[in-house]
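Engineer: Below is one structure. I have some questions about it.
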Amino acid sequence: MTEQIIQNIKRYRTGLIVGGVIGFWTGNLVGLFFGAGVGFFINRWLFNLLLGEKSPQALFFKATFAVMGKVAKADGRVTEHEIQFARDVMARMRLDEDKKRQAMGYFSEGKEAGFDLSSVLKPLSLLIQRRSAVKIMFLEIQLQAAMADGDISPNELKVIQQVCAFLKMSQQEMNQLLSRMQAQQSFQGAQSSQVSIEEAYKVLGVDPKVADPELKKAYRRLMSQHHPDKLVAKGLPPEMMQLAKEKTQEIQAAYDIVKTARK
């Protein structure tokens, strides 16, 4: 309950501040509290008007599979590898049959020729604009979808760039994330004894020459970004906690490999 109250205050703080200032200006301390309350409810009403009554979790869930469908269709046809990737994500999320059907419905919607990315990404961006960890998690899933049948094609990359534009992520941020995701793909496909130290560094997003303190800082930052509980509190659907947990396990494994090599 306390976490929800804090999240509401953060989400509607513009209304609180503007209403409070106006209220204080017209009615001193009493006016401040009254104005803040009015501003809060007006801000929340406008938010709900723009987004419908959808929760951040529902918007994230729909956008995840709809955009995944858009990425899969970017080259003109959806391959078996791409369909299997979508099914694997659903399995890792441990969705029940109703949720699976819903997810596949969104995936199919995204495959349609006339599907407009803005229909799912504009409301999602509005909710997670200050939640960089949630943005990163969303884009990581889409990059994995693009790499499901091998390398990312130019058309798939174009869709990913459009996603980044909606989420207000720079080209540099996308390139850095893409490099890490490509390393993670190799990391996932190899046994721990076969993983190269270079791949482990790339998973952590650092140069092999980085000093130990900076290495630890990068590791802790990635672990914090992918912490399941923190992500769910910021709008990640609870069903996706397992995906976040897998990310932290990969980051931990890469860090352990680097630490061992440095000894």
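Please treat every number below as a calculation from the coordinates, not as lab data. Quick caveat, the model's predicted, so the values are computed rather than measured. Methodologically, a virtual Cβ is constructed for each residue, glycine included, from the backbone with ideal geometry; neighbour enumeration extends over all protein chains shown.
Engineer: Under 24 Å from the Cα of Lys245, which lysines turn up, not counting those fewer than eight places away in the same chain?
Structural biologist: Within the straight-line cut-off, Lys245 pairs with Lys62, Lys99, Lys100, Lys135, Lys202, Lys216, Lys217, Lys230, Lys234, Lys259.
Engineer: Still on this structure, please answer the following. Translational D (Stokes-Einstein, µm²/s) of segment 56-262 at 37 °C and 0.692 mPa s when Rh comes from the Kirkwood sum over C-alpha pairs?
Structural biologist: 189
Engineer: Place the peptides 94-103, 222-231 in order of packing, highest mean first, counting for every residue the other Cβ atoms within 10 Å and averaging per peptide.
Structural biologist: Ranked by mean Cβ neighbours within 10 Å, highest first: 222-231, 94-103.
Engineer: Can you find, among Thr79, Leu124, Ile152, the residue sitting farthest towards the positive end of the charge dipole of segment 56-262, where Lys and Arg contribute +1 and Asp and Glu -1 at Cβ?
Structural biologist: Of the candidates, Leu124 comes out farthest on the positive side.
Engineer: Would you kindly give the portion of the calculated P(r) for segment 126-175 that falls above 13 Å, as a percent of all Cα pairs?
Structural biologist: Roughly 56 percent, once rounded to a whole number.
Engineer: Taking the simple approach of a point 7 Å from Cα along Cα-to-Cβ for both Gln84 and Ser119, what is their distance in nm?
Structural biologist: 3.0
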